[in-house]
Amino acid sequence: MSTPPALNILISGAGSGLGRGLAQELARQGHTILATDYRLEAAAETVDLVAAENGAAQAFALDVTDESSVRAFFASAPPVDVLLNNAGLQHVEKVADFPPDRWDRLLQVLLTGSFLLTQAALPGMRERGFGRIVNIGSIHSLVASPGKSAYVAAKHGLLGLAKVVALETGDVDITCNTICPAYIRTPLVDAQIADQARVRGMSPEEVIDNIMLAPMPKKAFITIAEVAATVAFLISPLARNITAQAIAIDGGWTSQ
């Protein structure tokens with residue numbers, strides 16, 4: 001089997017957590033990473049980590065919620081072969097108390113940002129006859145949890161967006177899929193542990209054992225390497241007929 005080609009991979013939210021880990025893992029496979037974050041210094045730190053392992057990466061400031069910022073990026077950046085819609089944030093609060101401005105912000109980053117990046121990436125992908133779009137969804141693209149109305153709504157929305165993109169790109173070698181991992185131990189999840197403990201009146205340890213890992217028969221956090229391996233397959237030529245799919249990495253959560 002021939003070696004898959006090296007690709008230019010745009011990762012949003014690459015300045016920390018899963019985005020940074022995916023940048024490192026995919027750079028090790030020979031791909032060039034376009035590391036974007038609304039904080040340029042955070043993206044630059046990711047590039048430094050990639051470069052320390054002799055990987056190729058560039059850092060860019062990018063606000064995924066700002067159409068002009070997205071357009072400016074695509075006007076000057078290298079060609080984007082793969083788009084990883086990863087930028088995210090979280091807020092945990094019951095619906096009755098959920099601040100509307102936080103609802104708007106979460107949907108803007110998680111869903112509208114993914115739409116804007118996808119919209120901007122598609123013309124170049126179509127022109128070159130190849131493209132891979134991978135939404136970093138969540139187990140909460142498939143199920144719900146109390147206190148996460150905006151996050152659950154946005155992550156569910158990614159599945160619908162992917163289906164429409166898949167239908168509109170069926171005539172060319174472009175695919176759009178959503179990876180749905182259960183909890184990964186990142187700074188975002190660590191913050192969720194504290195928030196869940198506050199909302200539910202539990203200790204952090206109880207949140208981990210009784211909330212996060214309890215629905216998973218495997219009883220283990222998902223690793224960044226597992227998500228990166230799934231991305232690597234989805235962007236390969238062998239995955240050209242896998243599109244519009246929600247791919248769960250959930251330790252068996254959704255089998256129940």
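The values are calculated or read from the model by the stated rules, or taken from the named source; none is laboratory data. Model, not experiment: these values are computed from the prediction. Methodologically, a virtual Cβ is constructed for each residue, glycine included, from the backbone with ideal geometry; neighbour enumeration extends over all protein chains shown. In case anyone asks, the SASA skips ligands and DNA or RNA and just uses the protein heavy atoms, side chains included. Shrake-Rupley method; radii C 1.70, N 1.55, O 1.52, S 1.80 Å.
Key figures for this structure:
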item: Counted residues, the range 161-175 - those being assigned to a loop (DSSP other than H, G, I, E, B) and either surrounded by 15 or more Cβ atoms within 10 Å (Cβ to Cβ) or touching a helix residue (DSSP H, G or I) at 6+ places or on another chain (Cβ under 8 Å) (or both); result: 2
item: Residues located in the range 90-104, provided they are under 21 Å from GLY17 (Cβ atoms) and at pLDDT 95 or above; result: ARG102
item: ARG71 being under 30 Å from LYS148 (Cβ atoms), assigned to a helix (DSSP H, G or I), in contact (Cβ under 8 Å) with a residue 24 or more places away in the chain and open to solvent by 20 Å² or more (accessible area, probe 1.4 Å); result: no
item: Scan of the range 21-46 for residues that are out of contact with any helix residue (DSSP H, G or I) (no Cβ under 7 Å at 6 or more places or on another chain), closer than 24 Å to ASP66 by Cα and part of a helix (DSSP H, G or I), ordered by number; result: LEU40, GLU41, ALA42, ALA43, ALA44, GLU45
item: Residue ID - nearest to ASN85 (Cα to Cα), chosen from residues in the range 195-251 that are among the acidic types (Asp, Glu) and open to solvent by 60 Å² or more (accessible area, probe 1.4 Å); result: GLU226
item: Considering residues of the range 25-35 that are touching a residue at least 40 places away in the same chain (Cβ under 8 Å) and either of a type in the set (Val, Ile, Thr) or open to solvent by 20 Å² or more (accessible area, probe 1.4 Å) (or both) only, the residue nearest to GLY124 (Cα to Cα); result: THR32
item: Residue list for the range 133-148, restricted to those being surrounded by fewer than 24 Cβ atoms within 10 Å (Cβ to Cβ), at pLDDT 95 or above and not in a helix (DSSP H, G or I); result: LEU142, VAL143, ALA144
item: For ASN54: the one exception among (1) without any contact (Cβ under 8 Å) to a residue 12 or more places away in the chain; (2) exposed (fewer than 15 other Cβ atoms within 10 Å of the Cβ); (3) part of a helix (DSSP H, G or I); (4) not aliphatic (A, V, I, L, M); result: (3)
item: Residue in the range 116-132 that is in contact with a strand residue (DSSP E or B) (Cβ under 8 Å, 6 or more places away or on another chain), assigned to a loop (DSSP other than H, G, I, E, B) and either of a type in the set (A, V, I, L, M) or surrounded by fewer than 17 Cβ atoms within 10 Å (Cβ to Cβ) (or both) present; result: yes
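Condition check ((1) in the same structural domain as SER145 (by the TED database); (2) of a type in the set (Asp, Glu); (3) in a helix (DSSP H, G or I); (4) without any contact (Cβ under 8 Å) to a residue 24 or more places away in the chain) across all residues:
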residue	(1), (2), (3), (4)
ASN177	yes, no, no, no
ALA191	no, no, yes, no
ALA194	no, no, yes, yes
VAL199	no, no, yes, no
ILE208	no, no, yes, yes
PRO215	no, no, no, no
ALA228	yes, no, yes, no
ALA232	yes, no, yes, no
LEU238	yes, no, yes, yes
